[in-house]
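See structure below.
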Amino acid sequence: MRIYLVRHGESVTNHTRVFAGQTDVELTELGHRQAACVTEFFKDISIEAVYSSDLSRAMDTVRGVAEQHGLPLVPEKGLRELYAGQWEGCAFEELPERYPAEFEVWRNDIGNACPVGGESTAEAAKRADATLRRLAAQHLEGPLVAATHGGIIRGLLALWITGSVAAMRSMEWAPNASVTVVDFEDDEFRVVEPGIVTHLGDLVTELPKTV
C-alpha cells in the first residue's frame with residue numbers, strides 16, 4: 001500500500017527561526033498558500049484516509065485534501081514533531097550559547113541527538129514509525145495521506161533507508177509542504193520518492209543548513 005507523507009507548510013516558527021517542537025503554532029500566510037498547492041497535488045489521486053499530527057500547522061496543511069475527497073481529517077498524536085523539552089520556544093541562534101554540548105550533537109550527529117529534557121530523534125522517529133504501521137494495518141488497500149513534520153520525516157527516511165535513525169545526518173530535510181511517497185509491503189517501508197516539491201512552483205521554502 002502507498003502512503004504520502006506531507007510536511008506541514010511554513011509555520012510562524014519556521015519563519016522566525018524558533019525551535020517549536022510540539023508547541024502548537026500556526027501556518028504563515030505563505031504556509032497557507034503552500035497548503036493550497038498540496039490540495040491541488042492530490043486532486044486526481046485516489047485516497048482512502050487522511051491523517052495528521054494533531055498540531056495545527058500539520059492539520060491545516062492537509063485540511064483541504066480531506067475536504068476535497070470528502071474524508072474526515074483524523075488527528076494522530078503519534079505523528080507529532082519530537083518533544084524538544086527546554087529547547088521549545090528558543091531561537092535557533094540562542095541554542096549554541098545556552099546548550100553548547102547538546103546542540104553540537106544536534107548540528108553534527110542529529111541521529112543521536114536529544115534536546116535537553118525532551119525526546120531523542122530516535123525515539124520520535126520510532127514513535128512515528130509505529131504509528132504509521134498501525135495505520136497501514138487499518139487500511140490495507142490505501143493509499144493514505146499522513147501530515148507530519150520535518151524532523152519526523154528525516155528520521156523516518158534514515159530508519160527506512162538504512163535501518164537506523166543514527167544515519168539521519170545523511171538525509172536531507174524535507175521542504176515545507178513537500179510530499180514524500182513510500183510503499184508499505186511485507187512489513188517494510190520502501191521510500192519511492194522523497195521531498196516532492198514540483199507542485200509548489202516558486203513557493204518552495206527550506207530549512208537553513210544551520211538548523
Go through the residues of the range 24-39 one by one and say whether even a single one is of a type in the set (Val, Ile, Thr), part of a helix (DSSP H, G or I) and farther than 15 Å from ALA147 by Cα. no
So if I check each of GLU206, GLU193, GLU185, which one is surrounded by fewer than 16 Cβ atoms within 10 Å (Cβ to Cβ) and either within 16 Å of the chain's Cα centre (by Cα) or modelled with pLDDT of 95 or more (or both)? GLU193
Of everything in the range 13-26, what is in contact (Cβ under 8 Å) with a residue 24 or more places away in the chain and in contact with a Ser or Thr (Cβ under 8 Å, 6 or more places away or on another chain)? Give them in sequence order. ASN14, PHE19, ALA20, THR23, ASP24, VAL25, GLU26
Of the residues in the range 61-96, those that are out of contact with any Ser or Thr (no Cβ under 9 Å at 6 or more places or on another chain) and under 29 Å from VAL116 (Cα atoms) come to TYR83, GLY85, GLN86, TRP87, CYS90, GLU94, LEU95, PRO96
Checking THR148 against (1) over 16 Å from the mean Cα position of the chain (by Cα); (2) modelled with pLDDT of 95 or more: exactly one of these is not met. Which one? (1)
Candidate set: the range 40-63, residues that are outside any helix (DSSP H, G or I) and among the polar types (S, T, N, Q); chosen: the one surrounded by the fewest Cβ atoms within 10 Å (Cβ to Cβ): SER46
Taking ASP44 as meeting all but one of (1) more than 22 Å from ALA122 (Cβ to Cβ); (2) under 18 Å from the mean Cα position of the chain (by Cα), write down the number of the exception. (2)
Scan of the range 166-182 for residues that are touching a residue at least 40 places away in the same chain (Cβ under 8 Å) and more than 24 Å from GLY64 (Cβ to Cβ), ordered by number: ALA166, ALA167, MET168, ARG169
Selection over the range 149-165 where residues are touching a residue at least 40 places away in the same chain (Cβ under 8 Å) and within 15 Å of PHE184 (Cβ to Cβ) yields a count of 1
Checked GLU48, GLU10, GLU67, GLU40 against criteria (within 28 Å of ASP186 (Cβ to Cβ), modelled with pLDDT of 95 or more and either of a type in the set (Asp, Glu) or in contact with an Asp or Glu (Cβ under 6 Å, 6 or more places away or on another chain) (or both)); the one match is GLU48
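The values are calculated or read from the model by the stated rules, or taken from the named source; none is laboratory data. Bear in mind that the values here come from a model prediction, so they are computed numbers and not experimental data. No Cβ is skipped: glycine too gets one built from the backbone with ideal geometry, and neighbour counts run over all protein chains shown.
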